[in-house]
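Peer 1: Below you'll find the structure I mean.
The values are calculated or read from the model by the stated rules, or taken from the named source; none is laboratory data. The structure presented is a predicted model; accordingly, all values stated were derived computationally and were not measured. Cβ sites come from the backbone with ideal geometry, for glycine too, and all protein chains shown count toward neighbours. What goes into the accessible areas is simple: the full protein's heavy atoms, side chains included, and nothing from ligands, DNA or RNA. Shrake-Rupley method; radii C 1.70, N 1.55, O 1.52, S 1.80 Å.
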Amino acid sequence: MVTTHNLGFPRIGGQRELKFALEDYWAGRQTGHDLAITAADLRRRHWQQQAKLDFVPVGEFSLYDQVLDMSVTVGNLPARVANKDGSALDDYFRAARGRGANDSPCCATAAGEMTKWFDTNYHYIVPEFTADTQFELNPERLLSQLAEAREQGVSAKPVIIGPVTYLWLGKSTDGSNRLDLLERLLPVYAQLLEALADAGVEWVQVDEPALVTDLDANWRYAFNLAYHQLKTNRPKLLLATYFGELRGNLQLACELPVAGVHLDALSAPDEVNRIVDWLPSHKVLSLGVINGRNIWKADLAKTLEWLEPVHEKLGERLWLAPSCSLLHVPVDLTPEQDLDGEIREWLAFAVQKLDELQMLARALNEGRLAVQGPLAANKQSIESRQRSTRVVNPVVRAAVAGITAEQGKRQSPYTQRIALQQTALKLPAFPTTTIGSFPQTPEIRQARLQYRKGELTGPAYTQKMQAEIAHCIREQEKLGLDVLVHGEPERNDMVEYFGEQLDGYAFTRFGWVQSYGSRCVKPPILFGDIHRPKAMTVEWTTYAQSLTDKPVKGMLTGPVTILNWSFVRDDQPRKDSCLQLALAIRDEVQDLEKAGVNIIQIDEAALREGLPLRQSDWETYLDWAINSFRVAANDVADSTQIHTHMCYSEFNDIIEAIARMDADVITIETSRSNMELLDAFKNFEYPNDIGPGVYDIHSPNTPDRDHIINLMKLAAERIPPERLWVNPDCGLKTRKWEEVTPALQTMVAAAQALRG
C-alpha cells in the first residue's frame with residue numbers, strides 16, 4: 001500500500017485567524033495566553049483537515065517563521081534579543097520584529113535580517129552565527145505540539161529543518177566559517193531526535209532543501225558528516241528536498257544513512273527514474289506529485305501514467321506527498337463562491353490538493369476503477385481549461401511577437417539623462433523620498449469594503465480616496481520630503497490592484513498566503529493572455545500632483561514582480577506571460593508621461609525571487625526578466641526619471657544584471673543588513689543613482705538619526721554621494737501613522753545633516 005503524507009500546511013487559517021491574533025497580541029489587546037489558544041485551535045483544525053493522511057506533519061506550525069523556530073529549538077537567538085526582561089515569547093518576537101510585548105519604541109531591539117525562502121515569496125528570519133556560537137536544546141515547542149497531536153489521535157510526523165540547511169540559511173556576523181559550527185550543532189540535533197524517539201515518534205521529516213542548490217565539496221562533506229553522526233538515533237529520518245532538481249547531489253542524497261528521501265517530482269521529473277534506480281532497497285521514496293506552490297488542478301490521469309510503473313517497482317516503499325509544504329497556497333477553495341465558475345473548476349487549494357493526493361494513492365492501491373468518478377471529473381476540468389476561449393488572445397500574442405530590441409532601450413545613456421533630470425527636478429543633495437505606499441488605515445479599508453459591497457457609489461468612493469491622497473500629500477510636505485507619492489490608498493495590494501484591471505486575471509476573496517509573520521498576500525490568478533483595457537493609475541497620480549508643487553512619483557509594479565507574485569498559468573513559458581505584462585505596464589508608463597508625470601517608479605521587488613536556484617540557469621532567466629523590465633520602462637523621454645525598487649533579497653551576485661535594467665534610480669533594502677548588500681559595489685562600479693533603505697519598515701521601531709547618518713556614510717564609501725538617495729527600505733502600508741511620522745522625521749533630519 002502507498003503511504004500518504006504532507007510536508008506542511010498553511011498556518012494562517014482560512015480567515016487569517018493567526019494574523020489577527022498576532023496583531024492583537026502585539027497591540028496589547030490580547031494576552032500571550034489568548035494567542036496560544038488561537039494557535040492551538042488552528043493546529044487542531046489543520047490536523048483534522050489532514051486526518052485522512054497516513055502521516056500528518058507536526059511542528060511546522062509557527063507563530064512567525066519556521067527558521068526562527070529552529071533557532072529557538074537549538075538555542076541560537078542573538079544575545080541582543082535575549083538579554084532583556086520579558087518572556088521567551090518576548091525574545092522570540094524581538095528576533096522577528098524588534099519588539100517584545102512590553103518594549104517601547106525607544107528601547108527596542110534590532111530585528112533579525114529577513115530574506116526570501118529559496119525562490120518563493122515567503123520570508124524567513126536569517127540565523128546569525130559567530131565563531132563563538134554555542135547551541136543548547138530547547139525542544140518544548142515541538143514536544144508540546146506533538147503531545148497536542150497525540151491527544152487528538154493524529155498520526156504525527158514531526159518536521160524540523162536539517163542541520164546543514166540550517167547553517168546554509170544563516171549568516172556569519174564576524175566573518176567566520178559557519179560550517180565550523182557543525183560539530184557543535186550536531187549533538188543538539190542528536191538530543192532532539194532522542195527526545196522525539198522517547199516520545200514515541202516513528203518518523204521525523206528532516207528538511208534539507210539546500211540539496212537542490214549548488215554545493216561545493218565542503219557542504220557536500222557536511223551532509224555526509226552530519227547524517228553519519230545522526231544515524232545512531234532511533235527515529236527513522238525522511239530527508240526532504242524540494243523546489244528543484246538534485247542534479248549532482250542525487251547520489252549523495254541517496255547514499256546518506258537515512259530511512260527515506262523525498263524528491264519534488266514536479267520540479268525534477270527527469271530524476272524520478274534515476275532516484276528509483278539509485279535508492280537502496282531498504283529505503284522509502286517519497287515523491288512530491290501534487291504542486292505545493294501553484295493552484296491549478298493536477299492532471300491525475302497524466303500523473304498516474306508515469307506513477308504506476310514507479311509503484312510497480314517500489315510497492316510499499318513508495319510514499320506520496322505534495323511537492324513541498326502547502327504553506328505557499330491558500331487553505332481551502334470551498335468558500336470561493338464568488339469566483340467565476342469556469343475558472344473555479346480549474347483550481348485546487350491546500351485542502352483540495354490533499355484530496356487529489358488521496359485519489360492518486362487510492363488509484364495505485366486499488367486500481368483506477370476505484371476512483372473512476374473523480375478521475376472523470378478531473379479529466380473534464382483539465383480539458384475545460386485547455387478548450388477555453390478565454391485563455392488565448394491573438395492580438396496580445398501578435399504584439400509580443402512584434403517586440404524589438406529597440407523597444408528596450410532609452411534614447412540616451414544615463415550620464416546624459418541625469419543632467420536633464422537634475423535641471424528639471426532641482427532636487428537637493430541626498431534627496432528624500434518613500435517607496436510608495438503610506439498607512440492603510442481602518443477608514444481606508446472600510447471604504448474599499450463598502451465600495452466592493454455596493455454600499456458606496458463610485459463618485460463617493462473616489463471622493464474618499466482623494467481625501468486620503470490629500471492628507472498624504474500634506475503630511476509629506478510637512479515632513480519636508482523632496483519627492484512625494486500619492487500614498488496608494490486605493491490599492492489593496494501592489495500586485496492584486498493591477499491584476500484587477502488587466503484582462504487575463506481572476507481573483508479570490510479568501511486566497512490568502514503568508515509572506516512573513518502576520519503579513520499575508522492574496523496572489524491574483526493569471527489564467528490567460530494579458531491585456532490592459534484602460535489606464536490604471538493616471539487619475540490618482542495626476543490628482544496628487546495637482547495638490548503640490550513638489551514632484552509626485554507615478555507608482556507601478558513591474559512585470560517580473562506581477563508575474564512572480566501571481567499564481568501563474570502553467571500552460572506556456574513564464575517568459576511569454578512576463579512579456580505580455582511588460583507591454584501592459586509599458587502602456588501605463590506612456591500614459592503617465594503624457595499626463596505630465598516625470599518621475600515614474602516601476603517596482604521589481606521580486607526580481608531576485610524568480611532567480612533559479614542553480615547559477616548555471618541564471619543567465620536565461622535574467623535575460624528575459626531584465627528585457628521585460630526594459631520593454632516596460634524605456635519608451636520615455638530622457639527627462640523622465642525611471643525608478644525601481646527591490647527588497648529583502650541578496651543582490652550582490654546579480655548586481656551586473658540589475659545595472660542592465662538601466663533605471664535612473666534604484667532603491668533597495670539595506671537597513672537590516674547594515675549596508676552589507678552594498679558590498680557588491682566594492683568590485684562593481686554601479687553606474688546610476690541608488691537609494692539604500694535606511695529605515696526598516698518591517699519593524700515598529702523608530703530609527704535613530706545618527707544610525708541613519710552612519711549607514712549613509714557607509715554607502716558613500718561605495719557610491720559617490722551625489723548619486724545617493726535617502727529612503728525607507730520598503731512601502732509603509734503595514735505601519736501606522738504614529739509610527740511612520742516620527743520615523744520619517746528622523747530620516748529627513750538625517751538627510752539634512754548629511755547635506756551639511
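Peer 1: Within region 236-317, considering only helices (runs of 4 or more DSSP H) that don't extend past its boundaries, which have at least 1 residues that are under 27 Å from Arg569 (Cβ atoms)?
Peer 2: Once the helices (runs of 4 or more DSSP H) in region 236-317 are filtered for at least 1 residues that are under 27 Å from Arg569 (Cβ atoms), what remains is 272-278, 300-314.
Peer 1: From the list Asp214, Asp174, Asp132, exactly one residue is under 30 Å from Val568 (Cβ atoms), open to solvent by 30 Å² or more (accessible area, probe 1.4 Å), assigned to a loop (DSSP other than H, G, I, E, B) and out of contact with any Cys (no Cβ under 7 Å at 6 or more places or on another chain). Which is it?
Peer 2: Being under 30 Å from Val568 (Cβ atoms), open to solvent by 30 Å² or more (accessible area, probe 1.4 Å), assigned to a loop (DSSP other than H, G, I, E, B) and out of contact with any Cys (no Cβ under 7 Å at 6 or more places or on another chain) holds for just one of Asp214, Asp174, Asp132, which is Asp214.
Peer 1: Please go through region 413-437 and pick out each residue that is charged (D, E, K, R) and open to solvent by 50 Å² or more (accessible area, probe 1.4 Å).
Peer 2: Once the filter is applied, which keeps residues that are charged (D, E, K, R) and open to solvent by 50 Å² or more (accessible area, probe 1.4 Å), region 413-437 yields only Lys426.
Peer 1: Still on this structure: Kindly provide the set of residues from region 601-658 that are under 19 Å from Trp565 (Cβ atoms), of a type in the set (Phe, Trp, Tyr) and open to solvent by 20 Å² or more (accessible area, probe 1.4 Å), ordered by number.
Peer 2: Trp624
Here's the yes/no breakdown for (1) touching a strand residue (DSSP E or B) at 6+ places or on another chain (Cβ under 6 Å); (2) assigned by the TED database to the domain that holds Pro533; (3) farther than 25 Å from Gly14 by Cβ; (4) of a type in the set (Asp, Glu):
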{"site": "Lys453", "(1), (2), (3), (4)": "no, yes, no, no"}
{"site": "Arg474", "(1), (2), (3), (4)": "no, yes, yes, no"}
{"site": "Gly487", "(1), (2), (3), (4)": "no, yes, yes, no"}
{"site": "Phe498", "(1), (2), (3), (4)": "yes, yes, yes, no"}
{"site": "Gln501", "(1), (2), (3), (4)": "no, yes, yes, no"}
{"site": "Gly504", "(1), (2), (3), (4)": "yes, yes, yes, no"}
{"site": "Cys520", "(1), (2), (3), (4)": "yes, yes, no, no"}
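Peer 1: When you scan region 319-337, do you find a residue that is free of Cβ contacts under 8 Å to residues at least 60 places away in the same chain, assigned to a helix (DSSP H, G or I) and either open to solvent by less than 30 Å² (accessible area, probe 1.4 Å) or in the same structural domain as Phe567 (by the TED database) (or both), even just one?
Peer 2: no
Peer 1: Something else about it: Keeping to region 714-725, report how many residues are open to solvent by 20 Å² or more (accessible area, probe 1.4 Å), part of a helix (DSSP H, G or I) and over 19 Å from Val483 (Cα atoms).
Peer 2: Adding up the residues that qualify gives 2.
Peer 1: Out of the residues in region 475-494 that are part of a helix (DSSP H, G or I) and touching a residue at least 40 places away in the same chain (Cβ under 8 Å), which is surrounded by the most Cβ atoms within 10 Å (Cβ to Cβ)?
Peer 2: Gln476
Peer 1: Kindly establish whether Ala460 is of a type in the set (Gly, Ala, Ser), in a loop (DSSP other than H, G, I, E, B) and over 25 Å from His698 (Cα atoms).
Peer 2: no
Peer 1: Follow-up. Name, by its number, the condition in (1) assigned to a strand (DSSP E or B); (2) more than 29 Å from Lys116 (Cβ to Cβ) that does not hold for Cys520.
Peer 2: Every listed condition holds for Cys520 apart from (2).
Peer 1: May I pose another question? Report whether or not Ala606 is assigned to a loop (DSSP other than H, G, I, E, B), modelled with pLDDT under 95 and among the aliphatic types (A, V, I, L, M).
Peer 2: For Ala606, the condition - assigned to a loop (DSSP other than H, G, I, E, B), modelled with pLDDT under 95 and among the aliphatic types (A, V, I, L, M) - is met.
Peer 1: Separate question: Where the second residue is of a type in the set (Asp, Glu) and the first is open to solvent by 60 Å² or more (accessible area, probe 1.4 Å) and lies in region 389-412, which pairs have Cβ atoms under 7 Å and are six or more apart or on separate chains?
Peer 2: Val392/Asp529; Arg397/Asp529; Gln411/Asp638
Peer 1: Next question, about the same structure. If we scan region 703-713, do we find a residue that is buried (at least 24 other Cβ atoms within 10 Å of the Cβ), within 26 Å of the chain's Cα centre (by Cα) and closer than 25 Å to Glu477 by Cα?
Peer 2: Looking for residues that are buried (at least 24 other Cβ atoms within 10 Å of the Cβ), within 26 Å of the chain's Cα centre (by Cα) and closer than 25 Å to Glu477 by Cα, one finds none in region 703-713, hence no.
Peer 1: May I ask you to list the residues in region 50-84 that are in contact with a Phe, Trp or Tyr (Cβ under 9 Å, 6 or more places away or on another chain) and closer than 24 Å to Asp332 by Cβ?
Peer 2: Across region 50-84, the qualifying residues are Gln50, Asp54, Phe55, Val56, Pro57, Val58, Glu60, Phe61, Leu63, Tyr64, Asp65, Gln66.
Peer 1: From Val560, Val538, which residue is surrounded by 23 or more Cβ atoms within 10 Å (Cβ to Cβ), in the same structural domain as Ile658 (by the TED database) and among the aliphatic types (A, V, I, L, M)?
Peer 2: Being surrounded by 23 or more Cβ atoms within 10 Å (Cβ to Cβ), in the same structural domain as Ile658 (by the TED database) and among the aliphatic types (A, V, I, L, M) holds for just one of Val560, Val538, which is Val560.
A quick yes/no check of all residues on (1) in contact (Cβ under 8 Å) with a residue 60 or more places away in the chain; (2) among the basic types (Lys, Arg); (3) open to solvent by 30 Å² or more (accessible area, probe 1.4 Å); (4) in contact with a His (Cβ under 7 Å, 6 or more places away or on another chain):
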site: Glu685; (1), (2), (3), (4): no, no, yes, no
site: Tyr695; (1), (2), (3), (4): no, no, no, no
site: Thr734; (1), (2), (3), (4): yes, no, yes, no
site: Val740; (1), (2), (3), (4): yes, no, no, no
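Peer 1: Looking at region 370-389, which of its residues are closer than 17 Å to Asp571 by Cα, in a helix (DSSP H, G or I) and of a type in the set (Val, Ile, Thr)?
Peer 2: Across region 370-389, the qualifying residue is only Ile382.
Peer 1: Take region 20-58 and flag every residue that is under 21 Å from the mean Cα position of the chain (by Cα) and within 20 Å of Arg141 (Cβ to Cβ).
Peer 2: Leu22
Peer 1: Would you say Ile719 is of a type in the set (A, V, I, L, M, F, W, C), under 24 Å from the mean Cα position of the chain (by Cα) and modelled with pLDDT under 90?
Peer 2: Spelling it out, it is not the case that Ile719 is of a type in the set (A, V, I, L, M, F, W, C), under 24 Å from the mean Cα position of the chain (by Cα) and modelled with pLDDT under 90.
Peer 1: Okay, next question. If I ask for residues that are charged (D, E, K, R) and in contact with a helix residue (DSSP H, G or I) (Cβ under 9 Å, 6 or more places away or on another chain), which ones from region 588-618 would you list?
Peer 2: Scanning region 588-618 gives Glu588, Asp591, Lys594, Asp603, Glu604, Arg608, Glu609, Arg614.
Peer 1: Quick test of your reading of the structure: Ala625 fulfils all but one of (1) closer than 23 Å to His123 by Cβ; (2) part of a loop (DSSP other than H, G, I, E, B). Name the failing condition by number.
Peer 2: The failed condition is (2).
Peer 1: Do you know which residues across region 671-714 are more than 26 Å from Arg660 (Cβ to Cβ), at pLDDT 80 or above and of a type in the set (S, T, N, Q)?
Peer 2: Listed by number, the residues that qualify are Thr702, Asn710.
Peer 1: Would you check if there is a residue in region 587-600 being open to solvent by less than 50 Å² (accessible area, probe 1.4 Å), closer than 19 Å to Pro533 by Cβ and in contact with a Phe, Trp or Tyr (Cβ under 9 Å, 6 or more places away or on another chain)?
Peer 2: Yes - at least one qualifying residue is present in region 587-600.
Peer 1: List the residue pairs whose Cβ atoms are under 6 Å apart, where the first residue sits in region 449-462 and is at negative phi, the second is part of a loop (DSSP other than H, G, I, E, B), and the two are 6 or more positions apart or on different chains.
Peer 2: Gln450/Leu456
Peer 1: Restricting attention to region 29-70, which residues are without any contact (Cβ under 8 Å) to a residue 60 or more places away in the chain, open to solvent by 10 Å² or more (accessible area, probe 1.4 Å) and in a loop (DSSP other than H, G, I, E, B)?
Peer 2: Of everything in region 29-70, those that are without any contact (Cβ under 8 Å) to a residue 60 or more places away in the chain, open to solvent by 10 Å² or more (accessible area, probe 1.4 Å) and in a loop (DSSP other than H, G, I, E, B) turn out to be Arg29, Gln30, Thr31, Leu63.
Peer 1: Restricting attention to region 413-430, and to residues there that are out of contact with any strand residue (DSSP E or B) (no Cβ under 7 Å at 6 or more places or on another chain) and assigned to a loop (DSSP other than H, G, I, E, B), which single residue is farthest from Gly480 (Cα to Cα)?
Peer 2: If we take residues in region 413-430 being out of contact with any strand residue (DSSP E or B) (no Cβ under 7 Å at 6 or more places or on another chain) and assigned to a loop (DSSP other than H, G, I, E, B), then Pro413 is farthest from Gly480 (Cα to Cα).
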